[in-house]
Ligand code: SF4
C-alpha cells in the first residue's frame with residue numbers, strides 16, 4: 001500500500017471520525033479502500049491521526065449488513081449474549097427493500113394513527129451528512145408530525161450550545177482552532193485534544209513552540225501538559241468555583257476590558273457584584289487550587305493581547321455543564337477576548353458532523369439554524385417552505401425520549417446511525433426502555449447493540465460510499481465523495497429516508513444530495529454564498545460567508561453578536577455539587593470518555609482492524625497509588641460498581657490520573673461504561689453527567 005502502481009484510483013473526501021474534519025484522499029484498489037493519505041485541508045494541512053489514517057476498513061467487516069432484516073416471530077427484544085452480529089439470521093430474517101420499507105412505515109404510521117404524533121420519535125446521526133440530517137429532521141417533523149428529534153449532540157455539547165445561544169446568540173465557535181497559533185495565551189479546559197482532537201492538538205503544539213502560553217485546567221493530566229505554561233488540576237466537578245474565582249480576580253484587580261464591555265456586552269455590573277464573594281481564598285478549598293495559582297492564570301488570560309478558550313466534554317457533561325460554559329463565556333467577554341484574530345471561544349466538537357447535524361435541525365427545540373420551533377414566524381417560514389403545517393411544541397431530548405418510552409408515552413422510533421443501547425447513561429434502564437417499543441426501525445451499517453432491539457433493520461451506507469457535505473468544529477462546510485460502491489443491497493442513507501418518507505405519505509423526489517443541499521439553502525441563512533458547486537471546486541467554505549468569492553469568516557462577531565441588540569450577555573453562576581457526590585459507600589469518581597483509537601460506541605473503530613488491534617480490550621485507567629490501594633497490578637481484572645450496576649474490566653496504570661478517580665472508555669460492549677453512569681441531566685442543555693459518578697472499586701476476584 002502506498003505504491004501508486006498498486007492503486008486503481010483516488011477519491012478526495014473528509015475523515016469520518018472527529019470534528020476536526022481532516023481532508024483526506026482514499027486510495028482504491030479492486031473497489032476497496034487500501035490506504036488513506038492526508039490532504040491540504042484548512043484544518044489538517046495534510047495531517048491525519050491514527051483513526052483517519054488506519055480506520056478505513058470497517059465497511060468491509062464480515063458483519064456488515066447487506067440486506068434489510070426483519071425480526072423473526074417470537075424472538076424477544078433484548079441484548080442476547082449469544083447473538084453474533086456476523087450471523088444475524090438467528091434472530092432476524094432477510095427481506096427485500098419493498099417489504100422492509102413497507103413494514104417499517106406501516107408500523108410507524110399505525111402508531112401515529114393510534115396514539116398520535118407525539119408517540120413517535122427519531123434519533124438522527126452526527127455521522128451522516130448535512131443533507132441526511134436535514135431530510136431526517138424534516139421527515140420527523142412533517143412525516144411523523146412531532147419535534148421529537150434529537151441526536152448525539154445531546155450527549156456531548158448540548159450544554160455548551162445552550163450557554164452560547166443564551167450569551168452570544170449562536171451555538172457555534174467564534175474562531176477556528178487554527179487561530180490558536182496567533183494567540184498569546186490559550187486555555188484548554190475539560191478537553192484532551194491529543195486523544196480526542198489529535199490534529200487540532202498539533203496546532204496547539206505549534207502554537208506553544210511559537211511562544212503561546214498554554215494554560216491547562218483539568219482534573220486529569222494529559223499529553224499536552226508537556227507543552228503547557230501552567231497546569232491546574234482542580235477537583236473533579238468544581239469547574240464553576242475555579243472559573244468564578246478567576247472572574248473575581250479579573251474584577252477586583254480591574255483586569256477587565258471596560259471599553260469592550262461597554263460596546264459589546266450587557267449585564268457586567270451584575271456579574272461584578274455576583275463574583276465579589278467568590279474570592280480565590282473562598283473557592284480554593286472547593287476546587288483544590290491554591291489562590292496564587294488561580295490569580296496567576298486569571299492574570300495571564302486577562303492581560304494577554306490575544307487569548308482563546310477551548311473546551312471539551314469535561315466542561316459540558318455535567319449537571320452544571322451549562323454553568324461551566326457560561327463561566328468561560330464570561331471570562332472571554334470580560335476580557336474582550338473575542339472578535340479578533342487569535343481570540344475566541346471554541347467548544348471542540350466531537351463527531352465529524354455534529355456541528356452540521358445541529359445546524360441542520362436535528363434538535364428538538366429548534367429548526368435548522370437554531371430557529372425556535374415555538375416562534376410563530378419561524379414556524380410559518382418552514383410551513384411555507386415545506387407546504388405543510390408544523391407542530392410548534394418543542395420536542396423531547398435524547399434522555400427524555402428514553403424516559404418517555406419507559407413511561408409508555410413514546411411507542412415507536414426511527415433510529416439512524418445512533419446507538420443509545422451503548423451511548424445513553426444508565427444502560428440497564430435505556431435498554432429496558434428500547435425493549436418496550438412497539439415498533440423500532442434502525443438504519444445502520446451493522447446490527448449494533450441498539451439494532452438488536454429493532455423490528456426492522458435497514459442496511460445503510462458508510463461515509464466513503466456516498467456523496468454529502470459535513471461541517472466541522474471550525475464551521476467549515478466540506479465535501480465528502482463516494483469512493484467505493486455500496487455492498488450488496490445497502491443504500492445511501494438519504495435514499496432510505498426518502499423511501500420511508502414516501503411510504504408515510506410524503507411525496508419527495510430528491511435525485512441526489514445536491515438537490516437536498518439546494519433546499520437547505522432556502523431555510524438556512526448560514527449557507528448563504530455556499531453552493532454545492534463551490535464545495536466541489538473549493539473543497540471547504542466556512543460559514544458565515546459574506547460573498548461568493550470569499551472563503552468565509554474564520555473569526556466572527558468583530559462588530560456585533562447575533563443577539564438582537566448586537567450585545568453579548570453575561571450569565572452569572574454559582575458552584576453546585578455534582579448530582580451524585582462521592583461518599584463512604586462509593587468513594588471514587590468515575591469519569592468516562594474516548595480513547596485515541598476508538599470512536600463513539602465503537603461500532604466503526606472496533607471493526608477497523610488496525611485500531612482494534614491497538615486497543616483491543618476494555619480498560620480502567622487508575623493512578624499508581626489508586627491501584628496500590630486496592631492491591632491491583634496493571635492487567636488485573638477490576639470491578640467497578642455504582643448505584644446502577646457493575647462491570648469488570650482490565651486495570652491500567654495511568655500516572656495522568658488523579659487519585660480517587662477512575663477513567664473508563666465507553667466503546668466496549670463487553671464492559672459497557674454506561675451501565676455505570678448517572679442519567680441526571682443539566683437543566684438547560686439536558687445533558688447527562690457522564691463526567692462524574694460515584695463508584696467503588698474492588699479486585700474482580702473479591703466479587
Ligand atoms: Fe479524523 Fe479527527 Fe483524526 Fe483528523 S483528527 S484524522 S478528523 S479522527
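The values are calculated or read from the model by the stated rules, or taken from the named source; none is laboratory data. Here the structure is a predicted model, which is why all the values come from computation and not from measurement. A quick note on method: Cβ atoms are made from the backbone with ideal geometry, for glycine too, and the neighbour counts reach across all protein chains shown.
Of the residues that make up region 334-344, is at least one over 21 Å from the mean Cα position of the chain (by Cα), over 21 Å from residue 398 (Cβ atoms) and not in a loop (DSSP other than H, G, I, E, B)? The answer is yes, given that some residue of region 334-344 is over 21 Å from the mean Cα position of the chain (by Cα), over 21 Å from residue 398 (Cβ atoms) and not in a loop (DSSP other than H, G, I, E, B).
Filtering 481, 503 for residues that are out of contact with any strand residue (DSSP E or B) (no Cβ under 7 Å at 6 or more places or on another chain), more than 24 Å from residue 688 (Cα to Cα), at pLDDT 95 or above and surrounded by fewer than 24 Cβ atoms within 10 Å (Cβ to Cβ) leaves a single hit, 503. Confirm whether residue 462 is over 24 Å from residue 145 (Cβ atoms), within 23 Å of the chain's Cα centre (by Cα) and crowded, with 19+ Cβ neighbours inside 10 Å. It is true that residue 462 is over 24 Å from residue 145 (Cβ atoms), within 23 Å of the chain's Cα centre (by Cα) and crowded, with 19+ Cβ neighbours inside 10 Å.
Residues in region 537-579 that are touching a strand residue (DSSP E or B) at 6+ places or on another chain (Cβ under 6 Å), farther than 30 Å from residue 277 by Cα and not in a loop (DSSP other than H, G, I, E, B): 4 in all. Just the residues that are assigned to a helix (DSSP H, G or I) and in contact with a strand residue (DSSP E or B) (Cβ under 6 Å, 6 or more places away or on another chain), please, taken from region 400-427. Hit for region 400-427 is 401, nothing else.
Per the listing 173, 199, 185, the residue uniquely crowded, with 23+ Cβ neighbours inside 10 Å, within 16 Å of the ligand (Cβ to nearest atom), within 16 Å of residue 308 (Cα to Cα) and in contact (Cβ under 8 Å) with a residue 40 or more places away in the chain is 173.
If the condition is being touching a strand residue (DSSP E or B) at 6+ places or on another chain (Cβ under 9 Å) and closer than 11 Å to residue 452 by Cβ, then region 83-100 contributes 88, 91, 92.
Screening residue 605 on (1) within 24 Å of the chain's Cα centre (by Cα); (2) surrounded by fewer than 17 Cβ atoms within 10 Å (Cβ to Cβ) shows it passes everything except condition (2). Over 22 Å from residue 319 (Cα atoms) and in contact with a helix residue (DSSP H, G or I) (Cβ under 6 Å, 6 or more places away or on another chain): does that describe residue 245? Taking the combined requirement at face value, the residue does not satisfy it. Of the set (1) without any contact (Cβ under 8 Å) to a residue 24 or more places away in the chain; (2) in contact with a helix residue (DSSP H, G or I) (Cβ under 9 Å, 6 or more places away or on another chain); (3) assigned to a loop (DSSP other than H, G, I, E, B), all apply to residue 533 but (3). Counted as qualifying within region 1-82 are the strands (runs of 3 or more DSSP E) with 3 or more residues that are within 16 Å of the ligand (Cβ to nearest atom) and at pLDDT 95 or above, namely 9-14, 23-29, 32-38. Scanning region 381-399 for residues that are in a helix (DSSP H, G or I) and touching a residue at least 12 places away in the same chain (Cβ under 8 Å), we see that the one that is surrounded by the fewest Cβ atoms within 10 Å (Cβ to Cβ) is 385.
For residue 232, the conditions (1) in contact with a strand residue (DSSP E or B) (Cβ under 8 Å, 6 or more places away or on another chain); (2) within 16 Å of the ligand (Cβ to nearest atom); (3) more than 18 Å from residue 343 (Cα to Cα) all hold with the exception of (2). Only residues that are in a helix (DSSP H, G or I) and over 23 Å from residue 534 (Cα atoms) were counted in region 461-499, giving 6. Scanning region 473-488 for residues that are within 17 Å of residue 55 (Cβ to Cβ) and within 16 Å of the ligand (Cβ to nearest atom) turns up 480, 483. Scanning region 279-307 for residues that are touching a residue at least 60 places away in the same chain (Cβ under 8 Å) and in a loop (DSSP other than H, G, I, E, B) returns 304, 305, 306.
If only one of 540, 526, 558, 571 is modelled with pLDDT under 95 and closer than 23 Å to residue 340 by Cα, which one is it? Result: 558 is the single residue among 540, 526, 558, 571 that is modelled with pLDDT under 95 and closer than 23 Å to residue 340 by Cα.
Inclusion of residue 686 among residues that are part of a loop (DSSP other than H, G, I, E, B) and buried (at least 24 other Cβ atoms within 10 Å of the Cβ) is not warranted.
Only one entry of 694, 700, 625 meets the criterion of being over 25 Å from residue 288 (Cβ atoms) and surrounded by fewer than 23 Cβ atoms within 10 Å (Cβ to Cβ), and that entry is 700. Of the residues making up region 316-333, those that are part of a helix (DSSP H, G or I), in contact with a strand residue (DSSP E or B) (Cβ under 9 Å, 6 or more places away or on another chain) and at pLDDT 95 or above are 321, 324, 325, 328, 329, 331, 332, 333.
Just wondering, is there one or more residues in region 2-12 that are on the phi < 0 side of the Ramachandran plot and in contact with a helix residue (DSSP H, G or I) (Cβ under 7 Å, 6 or more places away or on another chain)? For region 2-12, residues on the phi < 0 side of the Ramachandran plot and in contact with a helix residue (DSSP H, G or I) (Cβ under 7 Å, 6 or more places away or on another chain): absent. Looking across region 204-229 at every residue that is part of a helix (DSSP H, G or I) and surrounded by 22 or more Cβ atoms within 10 Å (Cβ to Cβ), the one that is nearest to the ligand (Cβ to nearest atom) is identified as 204. Which of the residues belonging to region 38-50 are crowded, with 16+ Cβ neighbours inside 10 Å and touching a strand residue (DSSP E or B) at 6+ places or on another chain (Cβ under 7 Å)? 38, 39, 41, 42, 43, 44, 47, 48 - these are the residues of region 38-50 that are crowded, with 16+ Cβ neighbours inside 10 Å and touching a strand residue (DSSP E or B) at 6+ places or on another chain (Cβ under 7 Å).
For region 589-625, residues that are closer than 21 Å to residue 236 by Cβ and within 15 Å of the ligand (Cβ to nearest atom) total 3.
Filtered by the rule that a residue be surrounded by fewer than 24 Cβ atoms within 10 Å (Cβ to Cβ), in contact with a strand residue (DSSP E or B) (Cβ under 8 Å, 6 or more places away or on another chain) and either touching a residue at least 60 places away in the same chain (Cβ under 8 Å) or over 30 Å from residue 574 (Cβ atoms) (or both), region 352-378 gives 365, 370, 373, 378. Only one of the numbered conditions (1) farther than 30 Å from residue 363 by Cβ; (2) within 16 Å of the ligand (Cβ to nearest atom) is not met by residue 96, and that is (2).
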